[in-house]
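A short write-up of the structure that comes next.
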Amino acid sequence: MIKNISNALRSYSTALGMISKHGLWSYFLLPGLFCLIVAAAIFGGAWALSDELGLWLGGLYPESWWGHDAITGALGYISFAGLLGVTLIVFKYIALIVSAPFLGPLSEKIESLATGQPAPKFNLKDMTTDMMRAVRISLRNVVRELFWTILFFIVLNLLIPVVGSILYAVAAFMLQAYYAGFGDMDPALERRRYGVRQRVAYVRSHKGLALGNGIVFVLLMLIPVLGWFLAPALGTAAATLDVVKNP
């Protein structure tokens, strides 16, 4: 497990070297732009919704209370923090879905360079297939990730106060990393004609690779603008190398 995590982390450095050497930065443009647009829409919506949610929660307290406006304002920030956690999970999947048609060709190019085999020519049908595949896998994964995230939140925070919050933060981060790595591996697994069950089995047997790839992906997603721009394409390139090395 630890060895695979380390190998996955090193794949990012290898992928960066290949991208720079072969001038593949153009593959980042459209996925990056789409992710920036999605980020602006999602985080802007979360901020606007948090204001409304804060006002609604504030309405539950009597207006005669001293500091009612301060309470409402604080509830707005608390609401935003809560929405932000869910938003980060949803954003990750939407970013991978909207980027899927453009990440497939990048994955193919990286695999071609790594194996010496020619990359397949662009095909509109393949682009549509990439999008539908990403939707299916993302829907499956987001349901499972949200389920485990909510379960860990309830169990750890209720049963182990204070320390449980720290354990929850670690568990939530690792969950996000695992499923992000899963999503990054998907284009390479698709070319092997793996069905959903086969992909799940592959990722489960290579948990370290998924975690290592996803750790960097999630950390990049925490960096506004630049991280959002780079994460989907760079994560996919690194994950493709992992799949090529571990058939």
* Structure fact -> Counting only DSSP loop positions in the stretch 6-44, the chymotrypsin sites (Phe, Trp or Tyr not before Pro) whose Cβ has at most 13 other Cβ atoms within 10 Å are Trp25
* Full-extension gain in nm, Ile223 to Asn246, via 0.36 nm per residue minus C-alpha separation -> 5.3 nm
* Per-pair calculated FRET efficiency, R0 = 30 Å: Trp25 and Arg192 via Cβ, rounded to 0.05 -> 0.65
* Compute the distance in nm between two label points, each set 7 Å from the Cα along the Cα-to-Cβ direction, one at Leu167 and one at Arg144. => 2.3 nm
* Residue-wise, which Karplus ³J(HN,Hα) couplings in Hz belong to the stretch 183-192, taking 6.51 cos²θ - 1.76 cosθ + 1.60, θ = phi - 60°, and x for glycine or proline? -> x, 5, 6, 4, x, 5, 5, 4, 5, 8
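Laboratory data are not the source of any read-out in this text; all were calculated from the coordinates shown. Computed from a predicted model, the values in this text were never measured in an experiment. When we count neighbours, we look across all protein chains shown, and the Cβ atoms used for this are built from the backbone with ideal geometry, even at glycine.
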